[in-house]
């Protein structure tokens, strides 16, 4: 069994850094890079791309709302057609950095409030899928299983790789629990290890309300800004290897 281990990165500005990206890049096999709208700048993107390339880590754009002050975690009333252009802008920014570094952008992922929105809002999901296809139809789209963006990407002929967020709670519908609610973040290493082991052995996840959800995924994600993210990432990697799995960038996990 091969599975991708993924994390969000490049989430800083100038001298300000959010996470231990360099250390995490030695643990994960793919990374979603902030492209300037919720975090990130050209220098941080370039540094992260080059570090990822050295380690054979797949790189993708982490597209978000234009919300620097709120770190992209606030829902914004943006017309889907307008957001489609914002998405293309972010894809272009990271692609330019990748080309200059001799690297190739592999996928698109969606951050924070935008990611939560396109899990359920079909018009916005359709706009994001159109943006990716218009920019580069060979890009993969990262998505939770059974979401509006997964349907939109498939309808546009894009390849989808599905992900499980190891440090976030799910509701009974398989959607992420709002960060505003207690228990939305799973910070305990033992709890994370148990969730990953269960997913790998029988393909299920327990919702915050107790329901058992079946979930087939290609990638497991750990947020780089979660407290103790590096140790949690090592915990997840160990759990995967203990279950007989191999960490590999998602293109390899899809055969």
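Only the coordinates and a few stated rules stand behind these numbers; no lab work does. Since the structure is predicted, the reported quantities are computational estimates derived from the model, not experimental observations. Here Cβ is always computed from backbone atoms with ideal geometry, including for glycine, and neighbour counts include all displayed protein chains.
Please state which of the following conditions residue 145 fails to meet, knowing it meets all the rest: (1) in a helix (DSSP H, G or I); (2) over 30 Å from residue 99 (Cβ atoms); (3) touching a strand residue (DSSP E or B) at 6+ places or on another chain (Cβ under 7 Å).
Looking at each condition in turn, residue 145 falls short on (1).
If residue 244 satisfies all but one of (1) part of a helix (DSSP H, G or I); (2) farther than 18 Å from residue 168 by Cβ, what's the number of the condition it fails?
Among (1) part of a helix (DSSP H, G or I); (2) farther than 18 Å from residue 168 by Cβ, the lone unmet condition for residue 244 is (1).
Any residue at all in the stretch 173-185 that's within 30 Å of residue 104 (Cβ to Cβ) and within 16 Å of the chain's Cα centre (by Cα)?
Start the filter on the stretch 173-185 by keeping residues that are within 30 Å of residue 104 (Cβ to Cβ), which leaves 176.
Of the ones still in play, those that are also within 16 Å of the chain's Cα centre (by Cα) are 176.
Yes: one or more hits.
Scan the stretch 61-70 and give yes if some residue there is under 23 Å from residue 15 (Cα atoms), touching a residue at least 60 places away in the same chain (Cβ under 8 Å) and in a strand (DSSP E or B), otherwise no.
yes
May I ask you to list the residues in the stretch 26-51 that are surrounded by fewer than 24 Cβ atoms within 10 Å (Cβ to Cβ) and touching a strand residue (DSSP E or B) at 6+ places or on another chain (Cβ under 8 Å)?
Of all residues in the stretch 26-51, those surrounded by fewer than 24 Cβ atoms within 10 Å (Cβ to Cβ) come to 26-27, 36-37, 41-43, 46-47, 50-51.
Within the stretch 26-51, 27, 37, 41 qualify.
For the stretch 108-140, which residues satisfy the criterion of being over 18 Å from residue 72 (Cβ atoms) and in contact with a helix residue (DSSP H, G or I) (Cβ under 9 Å, 6 or more places away or on another chain)?
Result: 122, 123, 126, 129, 130, 133, 134, 135, 136, 139, 140.
With the requirement that a residue be part of a strand (DSSP E or B) and either closer than 18 Å to residue 67 by Cβ or over 16 Å from the mean Cα position of the chain (by Cα) (or both), what does the stretch 10-57 give you?
13, 16, 32, 33, 34
Of all residues in the stretch 156-204, count the ones that are touching a residue at least 12 places away in the same chain (Cβ under 8 Å) and assigned to a strand (DSSP E or B).
11
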